[in-house]
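First comes the structure, then the notes that go with it.
The values are calculated or read from the model by the stated rules, or taken from the named source; none is laboratory data. Since this is a predicted model, take the numbers as computed values, not measurements. Counting neighbours? That spans all protein chains shown, and the Cβs are built from the backbone with ideal geometry, glycine included. With ligands, DNA and RNA removed, areas are computed over all heavy atoms of the protein, side chains included. Shrake-Rupley method; radii C 1.70, N 1.55, O 1.52, S 1.80 Å.
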Amino acid sequence: MNSVSKLSQQLAFITEVEKLKAVYRRTVVKPDDNRHENSAEHSWHIAVQAAVLQEYAEEPVDILRVIKMLLIHDVVEIDAGDTFAFADQAELSGQNAKELEAGNRLFGLLPEDQEKEYKQLWLEFEELETGDSRFAKAMDCYLPFLQNMANNGGTWAKYGITRSQVVKRNQYLETLAPKLWAFLQEQIDVCISNGWLKDS
């Protein structure tokens, strides 16, 4: 492949992933009048969080791989849409197949070597079989927790989310980042006492 053709493919991917800025999540941005956060903002924010909190990972992690993983983990939402962290099984039906199809299309825009690399990173994140992917997933779960804490319960209060749901969602932290898990457990009690989270 000549360099012009390769660059054209890379630029096509870069142009396409801007569409992630138009995929909105349930989480809101408190500093911006509680507007809904988009998935591109979420990906950037958790990548920053992972870099800052890497010292709390119990397993050895390659932080550059983790950051790469976090920056691309949600690009499939361009085609497949976002799913709410606390969605029931009926809402999630067929989502995996839609995301795989989206991954094939989007990463397929890249030159072959990068297509393979980025698709493998995305699958690694989904499969949670490596230290890097587990820490990345923990960061993906932890940030919305912090955002809701800083916003009087945020989406938890709005959707009637319970203690058990939040604990289950963040269970990865118990073994992957015990100090962050301990902090989360303490903050859940604060949320319950403030009425931001249901105690069940």
Exercise for review: Kindly indicate whether any position in segment 3-26 is among the hydroxyl-bearing types (Ser, Thr, Tyr) and either touching a Phe, Trp or Tyr at 6+ places or on another chain (Cβ under 6 Å) or within 30 Å of GLU129 (Cβ to Cβ) (or both).
Suggested key: no
Review point. Restricting attention to segment 113-125, and to residues there that are in contact (Cβ under 8 Å) with a residue 40 or more places away in the chain and not hydrophobic (A, V, I, L, M, F, W, C), which single residue is least open to solvent (accessible area, probe 1.4 Å)?
Key: GLU124
Revision key, fill the gap. Considering only helices (runs of 4 or more DSSP H) wholly within segment 3-111, the ones with at least 1 residues that are surrounded by 14 or more Cβ atoms within 10 Å (Cβ to Cβ) are 3-17, 39-53, 63-72, 77-80, 95-107
Practice item. Answer yes or no: is there a residue in segment 183-199 that is outside any loop (DSSP other than H, G, I, E, B), modelled with pLDDT of 95 or more, in contact with a Gly (Cβ under 8 Å, 6 or more places away or on another chain) and surrounded by fewer than 19 Cβ atoms within 10 Å (Cβ to Cβ). Key: no
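Per-residue answers, yes or no, for (1) in contact with a strand residue (DSSP E or B) (Cβ under 6 Å, 6 or more places away or on another chain); (2) surrounded by fewer than 21 Cβ atoms within 10 Å (Cβ to Cβ); (3) within 22 Å of LEU70 (Cβ to Cβ); (4) not aliphatic (A, V, I, L, M):
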residue: THR130; (1), (2), (3), (4): no, yes, yes, yes
residue: CYS141; (1), (2), (3), (4): no, yes, yes, yes
residue: GLN147; (1), (2), (3), (4): yes, yes, yes, yes
residue: ASN151; (1), (2), (3), (4): no, yes, yes, yes
residue: TRP156; (1), (2), (3), (4): no, no, no, yes
residue: TYR159; (1), (2), (3), (4): no, yes, no, yes
residue: ARG163; (1), (2), (3), (4): no, yes, no, yes
residue: GLN171; (1), (2), (3), (4): no, yes, yes, yes
Check your understanding: Which ones in segment 117-165 are within 15 Å of the chain's Cα centre (by Cα), among the aliphatic types (A, V, I, L, M), part of a helix (DSSP H, G or I) and more than 14 Å from ILE46 (Cα to Cα)?
Key -> LEU121, LEU123
**Study point:** Output for segment 1-41, where each listed residue is touching a residue at least 40 places away in the same chain (Cβ under 8 Å) and basic (Lys, Arg)
**Key:** LYS6, LYS19, ARG25, ARG26, LYS30
Review point. Within segment 20-28, can one find any residue that is farther than 23 Å from ASN148 by Cα and under 16 Å from the mean Cα position of the chain (by Cα)?
Key: no
Revision key, fill the gap. Only one of THR175, THR130, THR155 is of a type in the set (Val, Ile, Thr) and under 20 Å from GLN95 (Cβ atoms), namely THR155
